[in-house]
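Where a number appears in this text, it was derived from the coordinates with a stated rule and is not lab data. Given the structure is predicted, the values throughout are model-derived calculations rather than measurements. A quick note on method: Cβ atoms are made from the backbone with ideal geometry, for glycine too, and the neighbour counts reach across all protein chains shown.
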Amino acid sequence: MKASKIVYKPVGLALGALGGAVAGAAFKQAWKVIGHDEDAPDATDEDRAWREILLAAALQGAIFAVVKAAVDRGGAVATHRVTGVWPG
């Protein structure tokens with residue numbers, strides 16, 4: 001394993017945790033607008049329709065994927081600028 005990958009590992013983990021928190025907050029705000037409700041439904045919520053549950057799951061997945069890609073890419077670019085080596 002390259003030294004740059006080893007050095008980037010803790011940075012990537014920290015960025016991943018931060019990205020997860022940002023994605024969670026973004027989803028919560030998006031659901032307030034789209035779902036007109038404070039809390040998104042869980043898959044086992046008896047009083048929620050299939051459509052609402054699947055919409056919430058799809059929205060959450062899309063937001064998490066976009067935030068993860070942006071954080072991963074931003075971390076790689078920043079590492080490259082600092083070290084001159086691409087961490088991938």
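Could you list, in sequence order, all residues of the range 60-88 that are of a type in the set (D, E, K, R) and surrounded by fewer than 11 Cβ atoms within 10 Å (Cβ to Cβ)? Of everything in the range 60-88, those that are of a type in the set (D, E, K, R) and surrounded by fewer than 11 Cβ atoms within 10 Å (Cβ to Cβ) turn out to be ARG73, ARG81.
For beta carbons closer than 7 Å, sequence separation of 6+ or different chains, a first residue in the range 71-88 that is closer than 24 Å to ALA21 by Cα and a second that is buried (at least 16 other Cβ atoms within 10 Å of the Cβ) and of a type in the set (Val, Ile, Thr), the qualifying pairs are PRO87/THR79.
Taking the options VAL33, VAL11, name whichever one is out of contact with any helix residue (DSSP H, G or I) (no Cβ under 9 Å at 6 or more places or on another chain) and either among the aliphatic types (A, V, I, L, M) or in contact (Cβ under 8 Å) with a residue 40 or more places away in the chain (or both).
Working: VAL11 fails: out of contact with any helix residue (DSSP H, G or I) (no Cβ under 9 Å at 6 or more places or on another chain).
It is VAL33.
In the range 34-59, what count of residues is obtained for those that are surrounded by 12 or more Cβ atoms within 10 Å (Cβ to Cβ) and within 21 Å of ALA70 (Cβ to Cβ)? Please lay out each step first, then the result.
Of the range 34-59, the ones surrounded by 12 or more Cβ atoms within 10 Å (Cβ to Cβ) are 34-35, 37, 40-41, 45, 48, 52-57, 59.
Subset that is within 21 Å of ALA70 (Cβ to Cβ): 34, 57, 59.
Matching residues across the range 34-59 total 3.
Could you list, in sequence order, all residues of the range 46-88 that are under 24 Å from LYS5 (Cβ atoms), in a loop (DSSP other than H, G, I, E, B) and among the aliphatic types (A, V, I, L, M)? Once the filter is applied, which keeps residues that are under 24 Å from LYS5 (Cβ atoms), in a loop (DSSP other than H, G, I, E, B) and among the aliphatic types (A, V, I, L, M), the range 46-88 yields only VAL85.
Considering only the range 34-81, state which residues are aromatic (Phe, Trp, Tyr) and over 14 Å from the mean Cα position of the chain (by Cα).
In the first step, residues of the range 34-81 are kept if they are aromatic (Phe, Trp, Tyr); the result is 50, 64.
Listed by number, the list holds a single entry, TRP50.
Selection of the range 8-33 for residues being β-branched (Val, Ile, Thr) and either in a loop (DSSP other than H, G, I, E, B) or surrounded by fewer than 14 Cβ atoms within 10 Å (Cβ to Cβ) (or both) yields only VAL33.
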